[in-house]
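Here is the structure we will look at.
Each value in this text was obtained by applying a stated rule to the coordinates, not by laboratory testing. Remember, predicted model here, so these are calculated numbers, not experimental data. Note: ideal-geometry Cβ built from the backbone for every residue, glycine included; neighbour counts use all protein chains shown.
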Amino acid sequence: MSKAKMLLVEDDKVLADLLVWHFEREQFDVRLTADGEEALLLAQEEVPDIVILDWMIEGISGIEVCRRLRRSSATANVPIIMLTARGEELDRIRGLETGADDYLTKPFSPRELIARVNAVLRRVRPALAGELLSYADLEMDVVAHKVRRSGKAIALGPTEFRLLRHFLEHPSRVFSRERLLDSVWGHDSDIELRTVDVHIRRLRKALNEGGGPDIIRTVRSAGYALDSEDIG
């Protein structure tokens, strides 16, 4: 999965360095500037996936940077989270009306900002928030509830979707019927073990409709695994 590109516009060096450290640890590719003019140039030069923008920065104000990013066709849809020491409701409204997607008042914890960033990315670009699962030629968009194999859309029922998601989250691992029942249907389920086999068959049929190799492996006396290698 490619790293999400972040433009961080913050002139408090201590806070900026702290945020860069946290976001790089979360696998973001961070570009940092303390200046509004430079922020606009950087955003045009390489369009970011998300902008973290301080209200009070050198040169152009953060609110004006936000306004100009929204006016440019290249950055009109890039999510923006504003940081500010201003906690008044009118300022928050002004920031949101200018085009910010979210708003965080200082002081805040880096963990809270990371959670906000991931929430915004999940809404607008699920692949960057880790909501796109893939294995071999299979791809699942968890948010949009879509599955493709070799680029071709596959229709799955809700249970088959949950079953496939579980396999995609743990590729090549063998799961017993009991374990699948517990993970996919839930602890309190009184469904029979044979039901797992029925849904595995349905999932297999849907995945193999295009004539591709069977990607669900049956392991005798053990269970099932998502495995592209024909181990027999």
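Summary of computed values
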item	result
Under 29 Å from LYS205, Cα to Cα: lysines that are on another chain or at least 8 residues apart	LYS146, LYS152
Amide H within-cut-off set for LEU53, under 5 Å, with H built and near neighbours excluded	VAL9, ILE81, MET82, LEU83
For the chain, share of DSSP beta bridges that run antiparallel, in % to the nearest 5	45 percent
Given charges at beta-carbon only (K, R positive; D, E negative), |dipole| of the chain in Debye	1020 debye
Whole-percent pair-distance distribution, where bins are 5 Å wide, for the alpha carbons of the chain	1, 6, 13, 15, 13, 10, 8, 8, 9, 8, 6, 3, 1, 0
Residues of type lysines that LYS106 reaches as a straight line, Cα spacing below 30 Å, ignoring anything fewer than 8 places off in the same chain	LYS3, LYS5, LYS13
Cα gyration tensor category, rounded, prolate or oblate, for the range 5-87 with a/c compared to 1.5	oblate
GNM top mover of GLU139, GLU45, GLU37 - the chain, alpha-carbon springs below 10 Å	GLU45
Antiparallel DSSP beta bridges within the range 1-97, percent to nearest 5	0 percent
Of every Cα-Cα pair in the range 132-226, the percent that sits beyond 15 Å	58 percent
Net charge dipole size for the range 4-129 [Lys, Arg +1 and Asp, Glu -1 on Cβ; Debye, nearest 20]	540 debye
For VAL219, residues with placed amide H under 5 Å, excluding near neighbours	TYR224, ALA225
The range 6-14 - phi-based ³J(HN,Hα) in whole Hz, Karplus 6.51/-1.76/1.60, Gly and Pro as x	10, 9, 9, 10, 8, 9, 8, 4, 4
